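Note sheet for the following structure.
What follows is calculated from the coordinates using simple rules that are stated; it is not laboratory data. Everything numeric in this text was worked out from a predicted model, so none of it was measured. Because the Cβ atoms are built from the backbone with ideal geometry, glycine has one as well, and the counts that use them run over all protein chains shown.
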Amino acid sequence: MGPRTGVFRGGVRHELLSVLPCVFLGVVAVVEGVASAQDLHAIAGTHEPSTAEDLLRRARQARDARRWAEAEAAYEAALKAADAAWTTDAERAEIAAELGLCELALGSYRDAADHLAQSLRHRGALRSLLAERAEEGLLKAESRVVTLYLGVSPPDAEVFVDGKALGRRAPTYELFLEPGQHTVRARLDGHSEAVGAFDGQAGKASSLTLKLLRAPERAAPGAAGAGPVRPAAPSPPPAARRALPLTELRIGGAALATAAVAAGTVFLLRAHVIDDDAAEREVALRRQGWTPTTCWWPNAPSACVEIRDDVAERDLFATLGNVALSTGAVFGIATAGSFLAEKWIFDETPVRGRVQVVPSTTGTQAGFVLQGVW
């Protein structure tokens, strides 16, 4: 038994020595395969979603623990990662909403309003509860900042607010600024620079329109074939050429048109509200057994008198609204036509050095912006 046991142990030792190199090579191959697979994933760019998910997980944990500064930093990093990755509008809107709510909790009202408004542009993609929280948060943030509706023409002009470039070019902007004095500047090659200033108050909205005029082309000095330059005859003063105060008439026409349109809108809204109330009352009365001929009976209920009064009031407001809108349209057309009439009647181009009447329309208001020096 002794010699046989020694042979067995020696055989086992020999077999282990022969197997160990194979095991080592197998481990190396597995490690290299895993490393190659990770490199392929990194090259394919699939690491970004996992980064965004990790940031969102950390942001939600910090938010639930009410660590607002940590949650804000994580949500902001997640939003940047989502913009760089292939994510949907719904995902980016949800991150922007959560980021805005964290900024609101920290008292960063301007940044909160910016991100909450960004998320609500895709309100249909948000969960109903998150959308309601975002709307409430935006109202609270807007009460602490200035909302500026800015229009720029041409739309490809570069815009600066208080010396800082916006970084994007668009025909209209919705900006949130701190209360106080602000200066907006727009510039574009081949155009004169446009500048506007305003004093913003917290909780109030302001509108501003910047129109860049094309710069006049200058003739090259010493151009070939150019004759001697003769001084131009002095032009007569404006008072000698124009008897009608067109500038004052245009300002008054624009003001009347704006006031008439605003009044007509209010009247029509009032008529619409009365009509909705009457429709709801009609549904309720029909459930009680009323028919369309109930008010024709000699002993008609007293509610019929109220119904007739509502109908008369609705028709009155609707008529006033239509008349006001028509009047505003007439004044608006007349004001716009005065620019053409000036050229036809006086055979000259309109004066643009003093006052400009520029239409201004935003998501919440419409009217005219008067620019110039009085």
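Below, the figures for the structure above:
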item	result
Region 162-187, residues that are within 17 Å of Lys211 (Cβ to Cβ) and not hydroxyl-bearing (Ser, Thr, Tyr)	Arg169, Ala170, Pro171, Val184, Arg185, Ala186, Arg187
Those residues of region 171-193 which are outside any strand (DSSP E or B) and surrounded by fewer than 18 Cβ atoms within 10 Å (Cβ to Cβ), in sequence order	Pro171, Glu178, Pro179, Asp189, Gly190, Ser192, Glu193
Extreme residue, nearest to the chain's Cα centre (by Cα), among residues of region 245-290 that are basic (Lys, Arg) and either farther than 17 Å from Val305 by Cα or not in a helix (DSSP H, G or I) (or both)	Arg270
Members of region 155-170 found to be surrounded by 14 or more Cβ atoms within 10 Å (Cβ to Cβ) and part of a strand (DSSP E or B), listed by number	Glu158, Val159, Phe160, Val161
Boolean, Glu174 is of a type in the set (Asp, Glu) and over 24 Å from Asp64 (Cβ atoms)	yes
Among residues of region 64-91, those that are surrounded by 20 or more Cβ atoms within 10 Å (Cβ to Cβ) and charged (D, E, K, R), counted	1
Condition check for Glu158: touching a His at 6+ places or on another chain (Cβ under 8 Å) and under 30 Å from Gly196 (Cα atoms)	no
Arg169 being of a type in the set (Lys, Arg) and closer than 29 Å to Asp199 by Cα	yes
Of all residues in region 308-324 being among the aliphatic types (A, V, I, L, M) and buried (at least 17 other Cβ atoms within 10 Å of the Cβ), the one that is nearest to Leu256 (Cα to Cα)	Ala324
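Conditions tested, residue by residue: (1) assigned to a loop (DSSP other than H, G, I, E, B); (2) over 19 Å from the mean Cα position of the chain (by Cα); (3) on the phi > 0 side of the Ramachandran plot.
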residue	(1), (2), (3)
Gln61	no, yes, no
Thr87	yes, yes, no
Ala97	no, no, no
Cys102	no, yes, no
Leu116	no, no, no
Ala134	no, no, no
Lys140	no, no, no
